[in-house]
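All of the numbers you see were taken from the coordinates with simple rules; none came from a lab. Note that the structure is predicted; figures quoted are calculated from it, not measured. All Cβ positions, even for glycine, are placed from backbone atoms using ideal geometry, and neighbour counts span all protein chains on display.
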Amino acid sequence: MKPIVLVATTSVWFPTARLAIALQRAGFTVDAVCPPHSPISKISAVRRRYTYSGLYPTSSLMHAIENANPDLIIPGDDLAARQLHFLYRREQARGSKGRKTCSLIESSIGSAESFSVVFERATFMRIAEEEGVRVPKTRVIGEIADLERWITETGFPTVLKADGTSGGDGVRIVRNSAEASRVFQELKAPPLLARAAKRALVDRDRTLVWPSVLRRRSSVSAQAMITGHEATTTVACWRGKVLGTLHFEVVKKSYAAGPATVMRLIEHPEMTASAERMVRRLNLSGIHGFDFMIEANTGNPYLIEINPRATQVGHLTLGLGRDLPAALLSAVTGTEVQPAAKATDKDTVALFPQEWMRDPESPFIQSAYHDVPSDEPQLLEACIQRGMKQLRSRPQQPKQEAGYQNPVSLSMIKAKLNESRHE
């Protein structure tokens, strides 16, 4: 029988649907727990879907686990990973009755001893430094006085980060004292109720509901600024050992502090060693991401944070050692790795719909491997509709983008995207 993987997501991100497809093609039976309007509902790779409720998150996950009886759980976003941590602690308190669920969660994402570490940036940086990994100076900032001392020691620019955020949300670069003080207060404050309500009602994203209602304040850390360019490593790992690795440098981003939209595949021995050390130290399993800054003057990689869940490139199958779903299947079943055919021989990848949503006329859509899900028509259409909605919301769109914004041009857009996909 095929092993069962439960993909858990609290968001409506398209990459999670792409990962579910890749896991099914690798040989898993895939179930999912996701919000009602998730792109996962647009694909056929998932056997059963369970509804994730932002108001009853732990119960949603437990219901899915009890019914799917999975061999592996993969969180598709930070909140899903955090909810698995909450569920672990709840089941651990039940003693022997919760032992099976606790064992499943640990075998899926890693040792419970690492749960707090992956969401505390300063603690993670300290442990990385203990492992001999190159990291920027980082410190928890509890109050304005701490911030003032940090500025005196390190100067500007400096980076402020709120724990429990991802995709660039909660990361700010500040360049003077007034800006630093204002940003610190903003990052530390609980999300506004109006913002949480807008996300829940309009974007169907309930991740901010509980933090807003409970007035939960964020922990903020300061990090020394590394001048250079960003890179990222995504790994499949099992009980503290790395099974497969994808290294990319970031070429384009959706916005300055946002997620990447164009990435270039690279090899980097120090990034590999850093990821292996952290996976071993934290005894991680599943799919995890590590973000780096490559220093401009030296080319040295500085580890700046961990993503304790699948990232947006986890579905890419790029050959032996670079096929994360196949590596995980091998670990779960104890069989030899059987990687899928390489998605492309090109080094540069334009993520879809991310790069298209950033710039419909991007030259990378033609020159790079454009990662369009052409064989998933419903998912492709959902991506296009989301992209057109975003483009329509932009003021003063250039005339050359009009064809992308017109809903009646849906078939034309599909044809153009598919054409670029195969060039």
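Counting every other Cβ atom within 10 Å of each residue's Cβ, SER60, SER111 order from fewest to most as SER111, SER60.
Taking amide hydrogens as placed 1.01 Å from N in the peptide plane, the amide H of TYR50 sits under 5 Å from those of ALA32, VAL33, CYS34, each at least 5 positions away in sequence or on another chain. Between ARG25 and GLN385, what is the label-to-label distance in nm when each label sits 7 Å out along the Cα-to-Cβ direction? Modelled inter-label distance: 2.4 nm. Exposure proxy for ASP77, ASP71, ASP146: other Cβ atoms within 10 Å of each Cβ, ordered fewest to most, give ASP146, ASP71, ASP77. For the stretch 240-389, the Stokes-Einstein estimate of translational diffusion at 10 °C and a viscosity of 1.306 mPa s comes to 95 µm²/s, using the Kirkwood hydrodynamic radius over alpha-carbon pairs. Residue-wise HN-Hα couplings along the stretch 49-65, as the Karplus relation 6.51 cos²θ - 1.76 cosθ + 1.60 with θ = phi - 60° gives them from phi, are 10, 10, 7, 8, 10, x, 8, 10, x, 5, 5, 4, 5, 5, 4, 5, 5 Hz; Gly and Pro carry x. When you work out D = kT/(6 pi eta Rh) for the stretch 45-159 at 37 °C and 0.692 mPa s, using the Kirkwood radius from C-alpha pairs as Rh and the Stokes-Einstein form, the result is 194 µm²/s. Computed over neighbours whose Cβ is under 11 Å from that of SER254, the net charge equals +1, Lys and Arg +1, Asp and Glu -1. Computed per residue of the chain from DSSP H runs no shorter than four, each worth -39500 (n - 2.57), the mean residue ellipticity at 222 nm is -11500 deg cm²/dmol.
By the count of neighbouring beta-carbon atoms within 10 Å, fewest first, TRP356, TRP150 end up ordered TRP150, TRP356. Taking 0.36 nm per residue of sequence separation and removing the Cα-Cα distance, the ILE266/ARG99 pair yields an extension gain of 56.0 nm.
Amide H to amide H distances under 5 Å link HIS229 with ILE294, ALA296, where only residues 5 or more positions off or on other chains count and H is placed in the peptide plane. Magnitude of the charge dipole for the chain, about its Cα centre and with charges confined to Cβ atoms of Lys, Arg (+1) and Asp, Glu (-1), is about 1320 debye. Across the chain, the relative contact order, built from alpha-carbon pairs under 8 Å that are at least six residues apart, equals 15 percent.
Computed on the Cα atoms alone, the convex hull of the stretch 40-85 gives a volume of 88 cubic angstrom per residue. Set against the 2.2 N^0.38 Å expectation for a compact globular protein, the chain has a Cα radius of gyration ratio of 0.96.
What the Cα convex hull of the stretch 117-173 gives, in volume per residue, is 98 Å³. Under 5 Å from the amide H of ARG309 lie the amide H atoms of GLY289, each residue being 5 or more positions distant or on a separate chain, with H modelled from the backbone and absent for Pro and chain starts.
Backbone geometry of the stretch 36-42 corresponds, through the Karplus equation with coefficients 6.51, -1.76 and 1.60 at θ = phi - 60°, to 3J(HN,Hα) couplings of x, 9, 5, x, 4, 5, 9 Hz, x marking Gly and Pro. Applying the Karplus relation 6.51 cos²θ - 1.76 cosθ + 1.60 with θ = phi - 60° to the stretch 317-323 yields 3J(HN,Hα) values of 9, 10, x, 4, x, 10, 10 Hz, where x marks Gly and Pro. Subtracting the Cα-Cα distance of GLU186 and MET1 from 0.36 nm times their residue separation leaves 61.5 nm of extension gain.
Each peptide in 97-110, 78-91, 329-342 was scored by the mean count of other Cβ atoms within 10 Å over its residues; highest first, the order is 78-91, 97-110, 329-342. Global size of the stretch 83-141: 14.5, 43 Å for Rg and Dmax (C-alpha atoms, Rg to one decimal, Dmax whole).
Considering only alpha-carbon pairs that sit under 8 angstrom and 6 or more positions apart, the relative contact order computed for the stretch 296-395 is 17 percent.
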